[in-house]
Structures are given as structure tokens and as C-alpha cells.
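Just below is one structure, and these are the notes that go with it.
The values are calculated or read from the model by the stated rules, or taken from the named source; none is laboratory data. Predicted model, so just to flag it, every value in this text is computed and none were measured. Quick reminder, even Gly has a Cβ in these numbers, built from the backbone with ideal geometry, and neighbours come from all protein chains shown. SASA here: full protein model, heavy atoms, side chains in, ligands and nucleic acids out. Shrake-Rupley method; radii C 1.70, N 1.55, O 1.52, S 1.80 Å.
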Amino acid sequence: MKVDINQELQQIQEKGLFRTLRTMNAASDPETILEGKKILLFSSNNYLGLANDPRLKEKAIEAIQQFGIGSGGSRLTTGNFCLHEQLEQDIAAFKGKEASLIFGSGFLANVGIISSLMESGDVILSDALNHASIIDGCRLSNADTLIYHHVDMNDLEKKLQRTSSYRRKLIVTDGVFSMDGNIAPLPAIVQLAQKYGAMVMVDDAHATGVLGKTGAGTAEYFGLTNQIELLMGTLSKSVGSEGGYVAASRSMIHYLRNKARTFIFQTSLSPGVIAASIEGIRIIHEERERRIQLLENAEFLRTGLKKAGFSLVDGTTPILAVLIGSAQDAVRFSKRLEEEGIFAPAIRPPTVPEGMSRIRLTVMATHRRGQLEYALQTFLKIGKEMNLLSANNLVY
Ligand SMILES: *Cc1c(COP(=O)(O)O)cnc(C)c1O
């Protein structure tokens, strides 16, 4: 039977779930250009502002001059440059592990790690709100996957109690969840992992460069670096570049290098991208003030929005989930924001539960106070306009 693509597309459209692309005409900075118009960007993962940092660009240009644009091969053939090895050493040191392995992206890292480590006869315990790439890694692995309720440790334990007959067990979680910006309860997860003989893998895409004394992420934040076997992350958010990685024991890295298909069968990342990542990690290490500024900016906006009467998912990270309610209202809110010069998307079902549609704001270290204040005023204006603020909350 011929599959009718147009019919399916129409169904997607009817459900209001048709996705389109927005076009940026400038770098991912607080002030950027969206489809020809100047706009304040409140939805980038460029948390520390490094994606357009002159020093990263300089290093990338130097590397391109010396090594070219394309690496020309996979790491196991002709694509293993001294730069890749340097970056892996730097990531291992940054994360406090023996070794690390780079992948083409965070998505490919999750898919490759989980599917090579776990197989039929194994069991994976995965948080209900984990990133899509974790979900796909689980699916590809042929292991049984038990989804526990979001950050619900009672449910995790209940599920672990049923796993005694499995060979290998893995608990996998986002360190910071991308939609709510909340932090995974790693101390409880590690405790349960030890009790039931499971390994732990944390995806710190949103926590790297953000949380912990040196910005190493949630494991450092909780002092659990040695108790968590696999510290996965991306170079495409705080680090300002591109690529994914995992930091782990030397033997784990040897294993993944031999088994992870997304590592083995992909051309290695371009030298320019690798050199930029090395510089990004160096800057994260040396410029603690960026991280402090980032968290201060997040706190300023979070406190202001709450004071104005909005409800936000509790948290301390640069991801701010401002609850609006219905999908229609969230979409309208986002559209009004854009008319006022602010770019922040509405997040709707099925990404979030019905009635929990929201505006998802991300803050950058490079946002200036005036820009944050403007965002606050604009939220207040639209909130009043749409009758979303209860009168007794209006302290402004
Ligand atoms: C962004 C993200 C990824 C994917 O990383 P890329 O480098 O963009 O492929 C994986 N996990 C989480 C939690 C993320 O937020």
C-alpha cells in the first residue's frame, strides 16, 4: 500500500502540531536578528555566551588553517587528530574521570552509549522526562526499559525490586531536565543504585558549565563524581561549540570505543569545532564569573516573574518554565512576546502534560540587566492583557 504523506501531514496540521522553522540571521547572542528583525533571545542554550566568543572563533580559525575543514575519516581510521585527543583529555580532567570519548553530538553519544552497553537480558531504568536521545538509545539496545515516574524515588525503588534476574542494570537520568529546569535527585538515585547493584548514567547537557563548583555539572554539585559511572554531556550548549561526550573509567571508555556504533561509524568532528571546544572548556574553567552571572541573571528573572504573579516550576537553573495553562494561551503569549521583541517559545502537549503549557525561557550569562528588566515588564504587560495574573499577586 502506498503511504499517503499528505494525509498524514494534514492530520498533524489538524492537531495543531505542525512544526515549522524560524530563521536566524545573526549569532546566538542576547540581541540577535530573527527573520530580519532585531529581537531579544530568551531561548538559546548558549548559556555562557561562548558560541560567539572571539576566542573560540580564533581557535577554530587557527585549527582550520592548520588541519582543514573536514577530518576525512572516522576516529578509528584517519580522523583521529591530536586535537581530538587533547579535547578528550581536557573533558576527562574537567569531569574528574579517568578518560572520555567524543561523539558527533550529544544525541549520538546517548544512542551509542546506551545501545552498546545494554542488551537483551539487561534492564534500563529511565526517568519519564528523559531526553529523546536517551529514549532512542534504550529502544535500540534491546534491553528491557522500565520508565519510572519523573524524579519519583519510590517508584524507582519499586521498579528496581523487580530486576533481580537481570544481568546488567542501568539507571539513566537527565542531570537538569530540559523542560522544567529541575535537578535530578542524584543522591537518592546513587543510593538506590548501590542497594540494587545498578550503574548510573547522567546526561548533563544542561548542567555542564552551569552547576558545580567548577561547572562540571550535577555530579560535582552533589559531590557524587566517583559514584556515577557515566557522565555524559554535550559541547553544544554551555561550551558553545558542537559534539557530545562521555567521561568514565578508562576501561569503560575502551569498551565504548570498541562497541558504540555511533562512535565507530561516524566521521570525526571537524578540527575547527574541536579546537573551539577545547577553548570553551578552558574558559569555563578559568572564568567562574560567567557561571555566577548566569545564575544571578536566572535568579533575577525568576524572582521577578514570581513576584509579578506568574507560576514557575521551582528551580535554580537558567531554564525557567513559566506556566500559562492551555496550549492556545501559551501560543498566543509567545506570539505577543515576539511582537514586543522577545523570542521565547511556547511548549505544548505532547511535550508537556495537558493544561501545563508554558513559555520556556532560558537565560544567558551575557544578558544585560536592562534586557532582563525589559523581559520582565513585557511579561507583566502581556500577563495583564491576557488576564493571567491573579489580582492579589500583583505586587508590581
Ligand atoms: C541537547 C540535549 C542532548 C543532545 O545534545 P546535542 O549535542 O544537541 O545532540 C541530549 N540530552 C539532553 C538532555 C539535551 O538537552
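How far, in nm, would the chain grow between THR267 and GLU289 when pulled straight, counting 0.36 nm per residue and subtracting the alpha carbon separation?
Fully extending the segment from THR267 to GLU289 adds 4.3 nm.
What part of the accessible area of region 174-262, given as a whole %, is carbon or sulfur when the probe is 1.4 angstrom?
Carbon and sulfur atoms account for 48 percent of the accessible area of region 174-262.
In the chain, once you exclude exposed GluC sites (Glu not before Pro) (DSSP loop, at most 11 other Cβ within 10 angstrom), what's the longest stretch remaining?
36-353
Could you give the accessible area per residue of the chain, probe 1.4 Å, as a whole number in Å²?
Accessible area per residue: 46 Å².
How high is the relative contact order of region 1-153, given as a whole-number percent (alpha carbon pairs under 8 Å, six or more residues apart)?
Relative contact order for region 1-153 comes out at 11 percent.
If I stretch the segment between ASP152 and GLU299 completely, what's the gain in nm (0.36 nm per residue apart, minus their alpha carbon distance), one decimal?
Here the answer is 50.3 nm.
For ASN258 and GLN86, FRET efficiency with R0 = 25 Å and r from the beta-carbon atoms, rounded to 0.05?
The value I calculate is 0.70.
For Cα pairs less than 8 Å apart in space and 6+ apart in sequence, what is the mean separation divided by the residue count of region 75-181, i.e. the relative contact order in percent?
25 percent
At a Förster distance of 22 Å, what's the computed FRET efficiency of ARG332 paired with GLU14, Cβ-Cβ distance as r, to 0.05?
About 0.70, to the nearest 0.05.
For region 57-64, just list the computed ³J(HN,Hα) in residue order, Karplus coefficients 6.51, -1.76 and 1.60, θ = phi - 60°, integers in Hz, with x standing in for Gly and Pro.
Using θ = phi - 60°, the values come out as 5, 4, 5, 5, 4, 4, 5, 5 Hz.
Which pairs, out of LYS57/LYS213; LYS213/LYS381; LYS57/LYS95; LYS37/LYS307; LYS59/LYS237; LYS95/LYS195, put more than 29 Å between their alpha-carbon atoms?
Pairs exceeding the cut-off: LYS213/LYS381; LYS37/LYS307.
Based only on the alpha carbon positions, what is the Kirkwood hydrodynamic radius of region 165-282, in angstrom?
That comes to 15.2 Å for region 165-282.
Highest GNM mean-square fluctuation, the chain, Cα pairs closer than 10 Å: which of THR218, THR173, THR366?
THR366
On average, how much area does the Cα convex hull of region 1-156 cover when viewed from any direction, in nm²?
Dividing the Cα hull surface by four gives the mean projection, 16.2 nm².
Which value, in Å³ per residue, describes the convex hull spanned by the Cα atoms of region 36-104?
Here the figure is 155 Å³ per residue.
Convex hull volume of the Cα atoms in the chain, per residue, in Å³?
Per residue, the Cα convex hull of the chain comes to 167 Å³.
On a 0 to 90 degree scale, rounded to 10, what angle separates helix 82-95 from the longest Cα axis of the chain?
70 degrees
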